[in-house]
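Participant: Mind having a look at this structure? Questions to follow.
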Amino acid sequence: MEETYLLNVEGVKKKILHGGQGELPKFQDGSKITFHFQTLKDDFERTVIDDSREAGIPMEIIVGKMFKLEIWETLLRSMRVGEVAEFWCDAIHTGMYALVSRGMRRIAEGRDPLEGQKHRCGMGNMFDYHSTGYDDLDELQRTPQPLIFIMELFRVEEPLAYKRDTWAMSKEEKLAAVPVLHREGNRLVLRKEFGQAAEKYQEAVICLRNLQAKEKPWEDGWLKLENLVTPLVLNYCQCQLELGEYYEVLEHTTELLQKHNDNAKAYFKRAKAHAAVWNEREAREDFQRVAHLDPSMAAAVKKELKQLGERMRKKHVEDRKRYQGLFQPPRGP
């Protein structure tokens, strides 16, 4: 089945390759659309630029959340579930594609899609950078051109029918989600399900960091959010200690202490991580800072230092046995 017609949008043509099922879905604000897509150049070879099936993960966008490539929401709103359609879009609609594709490719590669970007709109970032890091996208960025999108619509979920990702939440929804996630994390810790608890704490931190990005550092709004972030990061680090992810703990506690160098609990957790990876000097220094900052923790510090000393002595004995005779000359017959 192939039917070509114009949408009520300038510079867009649609061809239905496979008909969908049922009525046209209700695309409410907050609905989640799941689909596969393929992007092609409008040239003789129909050169493929991107194909979500190669990554193995379908694309998702939230209606009304101002996806950078606005025309995609328009295209998808014209489709039924199960439909496969080809859209030709003029260059007036595809100018942002290079930046959108860059982000999607970085996600597929397991990298941060925003790494290195300034806190500016997409168009501002386009002028800030001469390269996207991908030659074919650099070409599109230099010379915007018509593109062809082949889309297959899988499902449309109403706003309350799925678990909202943190990035798709409003400010009020994020603030409401944080204490819920905190309580869920605490409940999982009591059940000793440290991996799942860490995920809850991490999700709560992401909510707050997203909100912090819109505040001016060290001003009242930013500080209020930072006060909520700190205990969540410490809880996350405690879970990682239980899971044996000591370098993860070193990274996050060090980052926390760069902002709050008087946080005794952060020093204590970092000291335990140092001790676990045999950084004796660093562990002792951090434990001593804890006792200085919070005398109520002196007994716990004393206990940890005693255990550290015993572990180090045991390690030195084992090392001597392991290397004993290694450098001794061989005996004669």
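The values are calculated or read from the model by the stated rules, or taken from the named source; none is laboratory data. What you see is a predicted model; the values in this text were computed from it and never measured. In this analysis, Cβ positions are derived from the backbone assuming ideal geometry, glycine residues included, and neighbour counts consider all displayed protein chains. We work out accessible area using only protein heavy atoms, side chains counted, and drop any ligands, DNA or RNA first. Shrake-Rupley method; radii C 1.70, N 1.55, O 1.52, S 1.80 Å.
Participant: Any idea which of (1) surrounded by fewer than 20 Cβ atoms within 10 Å (Cβ to Cβ); (2) under 21 Å from N261 (Cα atoms); (3) not hydrophobic (A, V, I, L, M, F, W, C) is the one E193 doesn't satisfy?
Facilitator: For E193, the failing item is (2).
Participant: Also, quick follow-up: Starting from the range 131-149, keep only residues that are over 17 Å from A108 (Cα atoms) and assigned by the TED database to the domain that holds L40, then list their pairs with residues that are open to solvent by 20 Å² or more (accessible area, probe 1.4 Å) and assigned to a loop (DSSP other than H, G, I, E, B) whose Cβ atoms are within a distance under 6 Å, requiring at least 6 positions of separation or different chains.
Facilitator: As it stands, the answer is D138/S131; P144/G95; P146/D42; P146/D90; I148/D42, since those pairs meet every condition given.
Participant: Filter the range 66-84 down to residues that are open to solvent by 80 Å² or more (accessible area, probe 1.4 Å) and of a type in the set (D, E, K, R) and give me whichever is nearest to the chain's Cα centre (by Cα). Can you show your working first?
Facilitator: Here is the first cut: in the range 66-84, the residues open to solvent by 80 Å² or more (accessible area, probe 1.4 Å) are 66, 68, 70, 77, 80.
From what is left, the residues that are of a type in the set (D, E, K, R) are 68, 70, 77, 80.
Values: K68: 18, E70: 23, R77: 28, R80: 31 Å.
Among residues in the range 66-84 that are open to solvent by 80 Å² or more (accessible area, probe 1.4 Å) and of a type in the set (D, E, K, R), the one nearest to the chain's Cα centre (by Cα) is K68.
Participant: So how many residues does the range 192-233 have that are among the basic types (K, R) and within 19 Å of E245 (Cβ to Cβ)? Break it down into steps so the answer makes sense when it comes.
Facilitator: Step one: of the range 192-233, the residues among the basic types (K, R) are 192, 200, 209, 214, 216, 224.
Checking which are within 19 Å of E245 (Cβ to Cβ) leaves us with 192, 200.
Summing the residues that are among the basic types (K, R) and within 19 Å of E245 (Cβ to Cβ) in the range 192-233 gives 2.
Participant: Exactly one condition in (1) at pLDDT 95 or above; (2) more than 30 Å from G82 (Cβ to Cβ); (3) in contact with a Ser or Thr (Cβ under 6 Å, 6 or more places away or on another chain) is false for L232; which is it?
Facilitator: It is condition (3) that L232 fails.
Participant: Next question, about the same structure. How do the strands (runs of 3 or more DSSP E) wholly within the range 1-87 filter down when requiring 1 or more residues that are under 29 Å from M169 (Cβ atoms) and touching a strand residue (DSSP E or B) at 6+ places or on another chain (Cβ under 9 Å): which remain?
Facilitator: Values: elements: 3-6, 12-18, 32-41, 48-51, 59-62.
In the range 1-87, 32-41, 48-51, 59-62 are the strands (runs of 3 or more DSSP E) which contain 1 or more residues that are under 29 Å from M169 (Cβ atoms) and touching a strand residue (DSSP E or B) at 6+ places or on another chain (Cβ under 9 Å).
Participant: I need the full set of residues from the range 36-52 which are closer than 24 Å to R80 by Cβ and over 21 Å from the mean Cα position of the chain (by Cα), in order please. So that I can check it myself, show each step before the final result.
Facilitator: We begin by selecting, within the range 36-52, every residue closer than 24 Å to R80 by Cβ; these are 36-40, 50-52.
Correct list: H36, F37, Q38, T39, L40, D50, D51.
Participant: Let me ask another. All but one of (1) surrounded by 14 or more Cβ atoms within 10 Å (Cβ to Cβ); (2) within 16 Å of V100 (Cα to Cα) hold for D51; state the number of the condition that does not hold.
Facilitator: Answer for D51: the failing condition is (1).
Participant: Which of the residues that make up the range 139-187 are over 29 Å from R77 (Cα atoms), open to solvent by less than 40 Å² (accessible area, probe 1.4 Å) and modelled with pLDDT under 90?
Facilitator: A177
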